[in-house]
Amino acid sequence: MKTIKELAEELGVSKQTIRNTIAKLGLQSSLRKSKNAFAIDKKQEYLIKRELLDNYEDENANQNAKKFANTLQSDLQFNLRLFESQIEEKDKQLEQKDKQIEQLQKLLDQQQQLQLNTQKKLDQILMIEENNKEKEPTQDTPNEKKSFWKFWK
């Protein structure tokens, strides 16, 4: 049989932790008083150790979970910053592409206007040539053979 103090020293916890565990397990009424200290038998010692071990494992698991969560959070923050910088770069690239598209659109408009002007001029030249061809046959009537007496007319 061990006292609360001995068990606390063995487990590396405070006497209050042992008392709280005893209260939590409801073992207060089954403790025996030996001199001025409560004595803990083997069964109670086993129950107390198991409870403290479970608590320790829970705390350890919580600490590991917190470490994992902190690591995960820092990784996520790093990825977020990385993605934000990539998005900024893509936005700049898109802005440049928009400017290029705008310039190309202007060039295309100019090319179309030039083509239209060229086509109009070509059409005008063709019309002038057609008009000239129509006028030429009327002026070329002297191609007929003129008799000698009509030559001076």
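Computed from the coordinates by the stated procedures, all read-outs in this text should not be read as laboratory data. The structure displayed is predicted, hence computed values, not measured ones. Cβ coordinates were reconstructed from backbone atoms using ideal geometry, including for glycine residues, and neighbour counts include every protein chain displayed.
Quick notes on this one:
- Using R0 = 30 Å, the C-beta based FRET efficiency linking N62 and K5 works out to 0.60.
- For the peptides 43-49, 91-97, the ranking by mean Cβ contacts within 10 Å, running from highest to lowest, is 43-49, 91-97.
- Q110 paired with L80, simple spin-label distance in nm, labels 7 Å along Cα-to-beta-carbon: 4.7 nm
- Dividing the summed -39500 (n - 2.57) terms of all DSSP H runs of n ≥ 4 by the residue count of the chain sets its mean residue ellipticity at 222 nm at -28000 deg cm²/dmol.
- With a Förster radius of 41 Å applied to the beta-carbon distance between Q73 and L53, the computed FRET efficiency rounds to 0.90.
- The H on the amide N of I40, modeled in the peptide plane, is under 5 Å from the matching H of K2, T3, each at least 5 residues off or on a different chain.
- Across the stretch 7-21, rounded Karplus estimates of 3J(HN,Hα) from the backbone phi angles (6.51 cos²θ - 1.76 cosθ + 1.60, θ = phi - 60°) give 5, 5, 5, 5, 8, x, 10, 7, 5, 5, 5, 5, 4, 4, 5 Hz, Gly and Pro being marked x.
- When the stretch 2-121 is reduced to its Cα atoms, the Kirkwood hydrodynamic radius in Å: 21.3 Å
- Separation in nanometres of the label points that stand 7 Å from Cα toward Cβ, at E130 and D41: 12.6 nm
- Set of lysines near K35 by C-alpha distance (under 18 Å), chain-local residues within fewer than 8 positions excluded: K2, K5, K15
- Degrees separating the helix 42-139 axis from the principal Cα axis of the chain, which is the longest one: 0 degrees
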